[in-house]
Structure formats: C-alpha cells, structure tokens
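All remarks here apply to the structure that follows.
The values are calculated or read from the model by the stated rules, or taken from the named source; none is laboratory data. All values derive from a computational prediction rather than experimental measurement. All Cβ positions, glycine included, derive from the backbone under ideal geometry; neighbour counts span all protein chains shown.
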C-alpha cells in the first residue's frame, strides 16, 4: 500500500459519502420525471457552472500548461469511466427493480478495489482486508431484504461496480499530478456531453418534466456532482485507494439513514447492525498495521 496519510483524507471522503447518500433520495424523485440520460445530462451541466470560475481563478490562470493538459486528459478518462458506470447502474436498477440488491452490488467496489490493487502488486494490509470483509457483511445486512437470485440487471450493476473501482484507482494514480478542480470540470463536461448526445438520440424530454424535477436536479448538480465528486478528488490526495473506497461506501449508510429520516423507511435491526459493521470497518482500516502483526 502507499503511505498516504489517511487521517487527513478520510473525513473529506466521508463528507462526500454523506452528500452522495442524501442524493439517493433526490435521484429517486428525479427518476419519476426524467430518464437516466436526461437527468444525468442536466444535473452534470448544472454541476459544471459553479466550478468553472473556481477552476479558472485557482488553477488555470496560473498557466501551468503541462499540469492543465494532464488534468484535462485524465478528466476525460475519468469522465468516460464515470459515464459508463452511471448508465450501467441505472439500467441495471431498472431491469432488476431491486434497489436494495443493486445498492449492495454497487458497493462491492470496496472488494474489487483491493483485488485490483493485488493484481497491480500494491498489497493491502491485514487490517484493511478484515475491514473489507466487515464492510461487505454490513452492506449485505443493510441492503439485501429480498431475493438474492442473480439476474441480467444485477450483472449490469456489477459491471458498474467494477468501473467505479477503476474510477477510484484512476483518481489515485493521477491525483498528485493534476489540478483537482480542472480535473472535476473536465469529468463533468465529458459526462454531460455524452449524456446529452444519448438524450437527443433516445429520449423525449419536456419542459414540464424538468420543472417537476428542479429540486432533485439542483441538489444532484450542485451538491452530488460539484461538491461530492470534487471532495472525492481532494480526499484521495491524502488517502490510499482501499481505505478511500471503504470511506466512500458510507454513502449507502447515509442513504439508508436519510431514507429513514426523510421518507419514513424502516431499516430494522439488521439494517442498523449493518451500519455499525460498515463504520467499524472504516475505523479498523485506519489502525496501525503493527497492531495486527
């Protein structure tokens, strides 16, 4: 594993997870009015707006052209991975009609990330592996309440989980060599352009539908996209990829808690046990390796 100071990055990543967790409620409402391509295109376009002046004044006007070019190239790469992951996930959910199971499968990126790290000869420590195991168990208790049979939709969601894991590793590889905000803006422009192209080809969108979904669109664009993904990039400057993925998996916990508070959903005893296991997994992953030798 690399020797980044996780203690600096984890609180930032937990904040991103909190923002994304609340966004599940917004996405649920937005999906009642707009298709996946339309909702994604509009919210990512909204997310670009506040970051453009920030990118210019903090990064671009410094004229470090080598870093700017690298930020744009890697932003395009990250945005392409993000776009495919989002669309696979959305269509998988629509096919399986099982959001709980889809949430569990998506968060399997916490297991996929360390496996990819092994293949890259970047070996996670013992406590991290234990943390991953606890997190997977907690995620299962939190999200799986119905049939566990594997369907086509589940396979699509699993493919999206692989891509989310790849996205975390792409950010980890380049995060110290890029401008964070410029990278974010380029990602979002890439996703917005791809989604808009698909929207124009496959969707029929109306102004009334956009008006009906304006609150989830604003939250999804300004908070989930502009704030959440930028916090991910900043947080990963200070956190190794596997602990980072564990911290980001708290997204599902915050989503479940938000559903309980805002929508009156009942987590049940196993749901709350799952939340505790995921939290313990994150704490365990931060403990010194020497404690487990």
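Within this structure, residue 282 passes the test of being under 19 Å from residue 172 (Cα atoms), part of a helix (DSSP H, G or I) and at pLDDT below 80. Of all residues in the stretch 21-42, those that are at pLDDT 85 or above and under 15 Å from the mean Cα position of the chain (by Cα) total 1.
The single residue among 271, 235 that is touching a helix residue (DSSP H, G or I) at 6+ places or on another chain (Cβ under 7 Å) and surrounded by fewer than 24 Cβ atoms within 10 Å (Cβ to Cβ) turns out to be 271.
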